[in-house]
Structures are given as C-alpha cells and as structure tokens.
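Structure record follows, encoded as structure tokens.
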Amino acid sequence: MNEIQTNHIYESLNYYKAITSNSDAIEKEKYKEAYNKETSQRLKMETWNTNPIKSDTVDKNHIINSMFIFTVKIYCKHKCRLVARGDQQKPQT
C-alpha cells in the first residue's frame, strides 16, 4: 500500500532533467509513460500537433513557446503537463 509522503517536496522538472539525463531507470520510465499519456491525450483532443510553425505565416510576436513540466504527485504518481512559457509573453500577445 502506498503511503502519503508529507515530508518530501518534489521539484518540477523539465524534459531534459526528467527523461534525457535521468540516471534512475525506473523513474525515467515513469516519466516517459506520463509524457506519452499527455501527448496522446493532446493529440486525441486536437489541442496540440507536431507540425512546425512556418515563420513566414505567423507573426513571431504572437508565438509563445511551450514546454513539458514533470512532477510527482501524491501517492508518487508521475505527471506530465504541457505548459505555455508565460515568461516569454510580450504585452501585445
């Protein structure tokens, strides 16, 4: 049975830290599963695609980059979320 971990704080990780450079094979696999679940759901809902944006078709001031954030939730559930990089947002967007 899983115990609630109340005294351990997990930090949010980017893709590089969670998957690319993670030396813990078990944790890395859990993050990969979370990533696959998130991308599959986004594709299914048609809220994300993998097509590159052509720079001549969209004003670059209207593009906000995104990134995947990885966290460990209660009961040690590994989660992945696609988030907009709000720190890059310009006042006119």
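The values are calculated or read from the model by the stated rules, or taken from the named source; none is laboratory data. If you're wondering where the values come from, they're calculated on a predicted model, not measured in any experiment. Positions of Cβ are generated from backbone atoms using ideal geometry, with glycine treated the same way; all protein chains shown enter the neighbour counts. Just the protein is used for accessible areas: all its heavy atoms, side chains included, with ligands, DNA and RNA removed. Shrake-Rupley method; radii C 1.70, N 1.55, O 1.52, S 1.80 Å.
Taking all protein chains as present, what is the carbon and sulfur share of the accessible area of the chain, in % to the nearest whole number, probe 1.4 Å?
Here it works out to 50 percent.
Once the Cβ-Cβ distance between Lys60 and Glu33 is put in as r, and R0 is 30 Å, what FRET efficiency do you end up with, to the nearest 0.05? Intermediate values should be presented prior to the final figure.
On the way: r = 34 Å, r/R0 = 1.15.
Here the calculated transfer efficiency is 0.30.
How much net charge surrounds Met45 when only the other residues with a Cβ under 14 Å from the Cβ of Met45 are counted, with Lys and Arg +1 and Asp and Glu -1?
Counting the neighbours of Met45, the net charge comes to +2.
Can you give the local net charge around His62? Use residues other than it whose beta-carbon is closer than 15 angstrom to its beta-carbon, Lys and Arg +1, Asp and Glu -1.
Result for the neighbourhood of His62: +2.
Would you mind checking the tilt of helix 25-45 against the longest principal axis of the Cα atoms of the chain, expressed as 0 to 90 degrees and rounded to 10?
Once rounded, one gets 40 degrees.
Once amide H atoms are placed 1.01 Å from N in the peptide plane, what residues at a sequence separation of 5 or more from His78, or on another chain, have their amide H within under 5 Å of its amide H?
Lys73
Got a sec to turn the phi values of segment 57-72 into Karplus ³J(HN,Hα) couplings, 6.51 cos²θ - 1.76 cosθ + 1.60 with θ = phi - 60°, whole Hz, x for Gly and Pro?
Running phi through 6.51 cos²θ - 1.76 cosθ + 1.60 with θ = phi - 60° gives 9, 10, 4, 4, 6, 9, 9, 10, 5, 10, 7, 9, 10, 10, 9, 10 Hz.
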